[in-house]
Every structure is written in C-alpha cells, then in structure tokens.
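Peer 1: First, the structure itself, so that you have it in front of you.
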Amino acid sequence: GQQVQQSPASLVLQEGENAELQCNFSTSLNSMQWFYQRPEGSLVSLFYNPSGTKQSGRLTSTTVIKERRSSLHISSSQITDSGTYLCAMNTGGADRLTFGKGTQLIIQP
Amino acid sequence: DPKIIQKPKYLVAVTGSEKILICEQYLGHNAMYWYRQSAKKPLEFMFSYSYQKLMDNQTASSRFQPQSSKKNHLDLQITALKPDDSATYFCASSRPGLGGRYEQYFGPGTRLTVL
C-alpha cells in the first residue's frame, strides 16, 4: 500500500488565506523532507525535518515521529505559492526517499 | 550558480535507442541519487551511490546503468529505450550517511520523451 499519504490532493485558496498540508506515513520513519515542485517541474527543498517544528518565513513544518505525520503550514498565501508540494520520508537503513503523490496548491487573486 | 547540473534539460529519443543523462554536483557531497517521475506517478527512487559505489538499487531493469566517472558525477545510461521510459529524471545529492541522516538536494531534471 501507499506508504506516504498526502492530503488534500488539491487545495484552492484566496490570496492571503492560510494553507495546511498534511503528510501521513504508514511506517516508522527516520527523517522526512518537504519539497515544492514548480509548475515547470524543478524541485526546491523546503524543509529537512526529522522531528519537531521548523520555520522559514511564512512556512512552518511540524513533524511528529511517534504519530507518523508531518504538516506544512503556509501563512498569508501568495499567488506565487501556487504549485505542487511533495513530502518524502526516509525509513530503514538506506538513504532512499519515498515520496507522496503531492498536494496541488492553487492560490487565486 | 546552479549547484547540481543536469544535461540535457530535454531529450527526445526513438524506441530502441540509447541515451546518457548527465549529472554533476558542486556541493561537495559524496552521495548521489537518481529518481524518476513519470506522468501521474509519484517520484520514485532508482539508485543511490556513496563514494562512487552503488549502495541501493530499486530499478529492476538492467537497461538502466548508473556511471560514476568522478566523485561529483553520476550519469545514467539507458539502453533499448521504450516509450514507458518517458519521464523526468532527477539527480540528487547529499552528504553520505545511512538512514536519511542528511538532506537531499535535487537537480532541475532531464525530461525524456521516447517516441
């Protein structure tokens, strides 16, 4: 089954609203990362967040290892935040990342 | 300046041909990876290398062969191309260490289309 579940699959907001993206893992994890995939396809690493809360500007990531979940909060969304947000986890002894299917975020003016 | 370079950005190939995807990183990392993103599928891991040695392989087909000529290079040779190989191929790198101890950084990708 799907090891990394992202929700919602898509989200449409008005500019200025806050966004909450979720990532749930079916197995225990060593670490996880959040990525932003630009409309043209390139990936930007937003957070490497094995546990706890990290903040960067308007973005906040919170990972709770024992609950096997991570969230990405975007405050005061902007049109340029539109794109696909991916979470990925690392488990076991290998370095491979296992990705979710992503959340497509659309910010409207 | 881009820290991970992938060449070419776009690649069109005919079925049955062979192509090499180039990846160079200038982050000083010793671990490098290949991932693939097909249409409507999640990004999926293919290979990982550490200090130029294969560490992990999730690709069943021997048509996909990574090649590491220098420690900051990890190319991907694909032979006998099929239309199903059409995807965007991402190279990534990190400091070496098992168990996801270090953040992975991704290149811009090579979009391969096989006709």
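Here, each number is a calculation from the coordinates, and none is a lab measurement. The model shown is predicted, which means the values in this text are computed figures rather than measured ones. Counting neighbours? That spans all protein chains shown, and the Cβs are built from the backbone with ideal geometry, glycine included.
Peer 1: Calculate the mean, over all residues of peptide A:95-107, of how many other protein chain Cβ atoms lie within 10 angstrom of the residue's Cβ. Don't jump to the answer; show the numbers that get you there.
Peer 2: Details: counts 18, 13, 11, 5, 7, 2, 4, 2, 0, 0, 0, 0, 0.
So the per-residue partner count for this stretch is 5.
Peer 1: Could you list the GluC sites (Glu not before Pro) in the stretch A:16-109 that lie in coil according to DSSP, counting only those with at most 10 other Cβ atoms within 10 Å of their Cβ? Spell out each step's value before the answer.
Peer 2: Numbers: sites: A:Glu17, A:Glu20, A:Glu40, A:Glu67; in loops: A:Glu17, A:Glu40.
Passing sites in the stretch A:16-109 are A:Glu40.
Peer 1: So what's the net charge close to B:Arg95: Lys and Arg +1, Asp and Glu -1, counting the other residues with Cβ under 14 Å from its Cβ? Spell out each step's value before the answer.
Peer 2: Numbers: positive: B:Lys3, B:Lys71, B:Arg101; negative: A:Asp95, B:Glu103.
Result for the neighbourhood of B:Arg95: +1.
Peer 1: Further, regarding this structure: So if each residue of separation counts as 0.36 nm, and I subtract the Cα-Cα distance between A:Ser75 and A:Glu17, what length gain in nm does that give? Write out the running numbers ahead of the final one.
Peer 2: Numbers: separation 58, 0.36 × 58 = 20.88 nm, distance 0.68 nm.
Additional length available on full extension: 20.2 nm.
Peer 1: How big is Rg to Rh over chain B, alpha-carbon atoms, Rh as the Kirkwood inverse-mean-distance radius? If you can, show how the numbers build up before the last one.
Peer 2: On the way: Rg = 13.4 Å, Rh = 14.1 Å.
The Rg/Rh ratio comes out at 0.95.
Peer 1: Also, quick follow-up: What lysines could a cross-link reach from A:Lys101, if we take a straight Cα to Cα line under 18 Å and drop same-chain neighbours fewer than 8 places away?
Peer 2: Candidates past the 8-residue exclusion: B:Lys40, B:Lys41.
Peer 1: Which far-off residues, 5 or more places away or on another chain, put their amide H under 5 Å from the one on B:Met55, with H placed in the peptide plane?
Peer 2: Amide H neighbours of B:Met55, under 5 Å, 5+ apart: B:Ser48, B:Tyr49, B:Ser50.
Peer 1: Over the Cα atoms of chain A, how large are the radius of gyration and the largest Cα-Cα distance (Dmax), in Å?
Peer 2: When restricted to Cα atoms, chain A yields Rg and Dmax of 13.3, 45 Å.
Peer 1: While we're here: Once you order the gyration tensor axes a ≥ b ≥ c over the Cα atoms, which shape class does the stretch B:1-56 get: rounded for a/c under 1.5, otherwise prolate or oblate by comparing a/b with b/c?
Peer 2: Numbers: a/c = 1.69, a/b = 1.41, b/c = 1.20.
Verdict is prolate for the stretch B:1-56.
Peer 1: Based on the alpha carbon coordinates of the protein assembly as shown, what radius of gyration and maximum Cα-Cα distance (Dmax) apply, in Å?
Peer 2: Cα only, the protein assembly as shown: 17.4, 50 Å (Rg, Dmax).
Peer 1: Provide a whole-number value for the mean count of partner chain Cβ atoms within 10 Å of the Cβ atoms in peptide B:39-50.
Peer 2: On the way: counts 0, 1, 2, 11, 11, 4, 7, 1, 1, 4, 1, 1.
Per residue, the number of nearby Cβ atoms from other chains is 4 on average.
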